[in-house]
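Step one of this worksheet: look at the structure below.
Any read-out appearing in this document is the output of simple, stated calculations on the displayed coordinates, not a laboratory observation. Just so it is clear, the structure is predicted and the values come from calculations on it, not from any experiment. A quick note on method: Cβ atoms are made from the backbone with ideal geometry, for glycine too, and the neighbour counts reach across all protein chains shown.
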């Protein structure tokens, strides 16, 4: 949803589409098509509400859409079955996790270019950040842990043991 709550966006995985919904009028505004069998899986609206980042499970891409008209701004290759993304608190970087690969990708949020790949283990999923924004936490299903990332150094610094196949993660 946009930061002001006016618009919501839905990935329609089996239809290979993404839709924009006016939350006040509760009406469909627009639907855009993705390539056949790309499977838009998850999406997030940027903190400023200007972009929608969409992970495609079968095309193995992260597609950046203009939130206003759903035009494609960038398409980035990802690992196998990208899961989700999240922005650093300063919005300098966006992190994308890959469910069937061993790395997380860090993209420059302004240029959309990949700047780093971090080996975190098989099955990276949800991402959270510390209150000060200096640390990212990524649930890693295959490792049964949470990867701890230094955001300033863009480096894996440690791991926190978790239960079996952690997928969700909330940091407050």
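Using Cα-only point scatterers and the Debye equation, what is log10 of I(q)/I(0) for the chain at each q in 0.08, 0.14, 0.20 Å⁻¹, rounded to two decimals? Cα-only, vacuum Debye calculation for the chain: -0.23, -0.70, -1.31. Mean sequence separation of contacting Cα pairs (under 8 Å, at least six apart), scaled by the length of the chain, corresponds to a relative contact order of 11 percent.
Our analysis of the range 80-172 gives Rg over Rh at 0.93, with the two radii drawn from alpha carbon positions and Rh computed by the Kirkwood formula.
If you take the beta carbon distance between residue 37 and residue 4 as r and set R0 to 35 Å, what does 1/(1 + (r/R0)^6) give as a FRET efficiency, to the nearest 0.05? Each step should come with its number before you reach the end.
Numbers: r = 34 Å, r/R0 = 0.98.
Efficiency at R0 = 35 Å is approximately 0.55.
Extending 7 Å from the Cα toward the beta-carbon at both residue 159 and residue 58 defines two label points whose distance is 3.2 nm.
With only the Cα atoms considered, the range 1-77 has a convex hull volume of 72 Å³ per residue.
Compute the FRET efficiency between residue 73 and residue 169 as 1/(1 + (r/R0)^6), taking r as their Cβ-Cβ distance and R0 = 30 Å, and round to the nearest 0.05.
On the way: r = 27 Å, r/R0 = 0.91.
About 0.65, to the nearest 0.05.
How high is the FRET efficiency between residue 108 and residue 24 when r is their beta carbon distance and R₀ equals 45 Å, given to the nearest 0.05?
0.85
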